[in-house]
Amino acid sequence: MGDGSSVKTESDYDVLYRIMTTRMSVRRIRPDPIPEEYVEKILEAGRWAMSGANGQPWEYLVIKDPKRKKDLYDAFQDTNQEFCFWMEQMRPFELRHPAFQVKGDDLKDEWQKIRNSTGGQQRRPWHEAPVVIVVLGDGRRQWATVNAAFTFGRHASHFTDGLANTCTHMQLAIASLGLGSHWGTVHVQEPLKRVLGVPDLIDVYLIISVGFADIERKPGVRRDLKELVHRETYDMSKFMSNEDIIDYLYKLRGKTMFRYHLKDSLLPGVSDSAKKR
């Protein structure tokens, strides 16, 4: 500076790292509206994602109408969530997805509690968020890349790679704007398409609810970098047996369950009546 003093500034990487490490999935979003310019910035970030041969297979459907959001939520709960709930009941209790760890005598009753968001967990149905962004994909745009992208040795395709990339861009943009968001995985598309009028050839890939968070941030849980990195060749001392993986999952659930029980995480000023909802 002109007076000889120095001001320490964050590097671009420091800013990006701070955003990445403070981003979290928010399951309690306030219904307060967000500026329209924020929505445009989120979408703008998404369109700059990477995709195979720059095919750009993504499209975004922005929903603000309360009835449309509720219709989409109901369709999602009655297909995707119910499917996941019953699938998870086949696993040992401790290994079930945290959202579906229930211990009631009547599983149908427990499902209804989750279905109606009254399962004792401090969350709001995501349709109450002011903005819901549905990420769509047109696989035909991936004709831009080589046909091998769809076949040999691929567990996914360039199509799903690109859609994941655009979603990540948007999630980081949301965090950079001081907003919260949730990643809603779609397993069964057809009921959602009917609500949204989406053509058969277009995929419904992801549902992102966006708004101001109504919970405090909790530390992220990630594996230590030294466990992930190999130098020059694969380090077999880091290879995990099947038994090791199951043990890892038990420990992981123990570290992440608190994210799904948010009673002590509501932001200051939330009323007691709100905590009981």
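Once the other residues with Cβ under 10 Å from the Cβ of Ala213 are scored (Lys, Arg +1; Asp, Glu -1), what is the net sum?
Around Ala213, the surrounding residues sum to +2.
Grab the Cα-Cα distance for Arg194 and Phe239, subtract it from 0.36 nm times how many residues apart they are, and report the gain in nm with one decimal.
Once the chain is fully extended between Arg194 and Phe239, it gains 11.7 nm.
I need the peptides 198-206, 106-114 ranked by packing, meaning the mean over residues of other C-beta atoms within 10 angstrom, with the highest value on top.
Result, highest mean Cβ count within 10 Å first: 198-206, 106-114.
Of Lys8/Lys64; Lys41/Lys238; Lys67/Lys251; Lys113/Lys255; Lys218/Lys251, which pairs sit farther than 29 Å apart, going by alpha carbon to alpha carbon?
The answer is Lys8/Lys64; Lys41/Lys238; Lys67/Lys251.
Report ³J(HN,Hα) in whole Hz for each residue of region 202-213, in order, from the Karplus equation J = 6.51 cos²θ - 1.76 cosθ + 1.60 where θ = phi - 60°; Gly and Pro get x.
After applying 6.51 cos²θ - 1.76 cosθ + 1.60, I find 9, 8, 9, 8, 7, 10, 10, 8, 10, x, 7, 5 Hz.
Counting only other residues whose beta carbon sits under 15 Å from that of Asp203, what net charge do I get with K and R as +1, D and E as -1?
-1
So if each residue of separation counts as 0.36 nm, and I subtract the Cα-Cα distance between Thr256 and Arg222, what length gain in nm does that give?
Stretched fully, the Thr256-Arg222 segment lengthens by 11.2 nm.
Can you tell me how much longer the chain between Lys103 and Met87 gets when fully stretched, taken as 0.36 nm per residue apart minus their C-alpha distance, in nm with one decimal?
Between Lys103 and Met87, full extension yields an extra 4.2 nm.
Once phi is turned into θ = phi - 60°, what whole-Hz ³J(HN,Hα) does the Karplus curve with 6.51, -1.76 and 1.60 give for every residue of region 77-88, x standing for Gly and Pro?
Couplings: 5, 7, 10, 4, 6, 5, 4, 5, 4, 6, 4, 5 Hz.
Read-outs: derived from the displayed coordinates by stated rules, not from any lab. Just so it is clear, the structure is predicted and the values come from calculations on it, not from any experiment. Cβ atoms come from the backbone with ideal geometry, glycine included; neighbour counts cover every protein chain shown.
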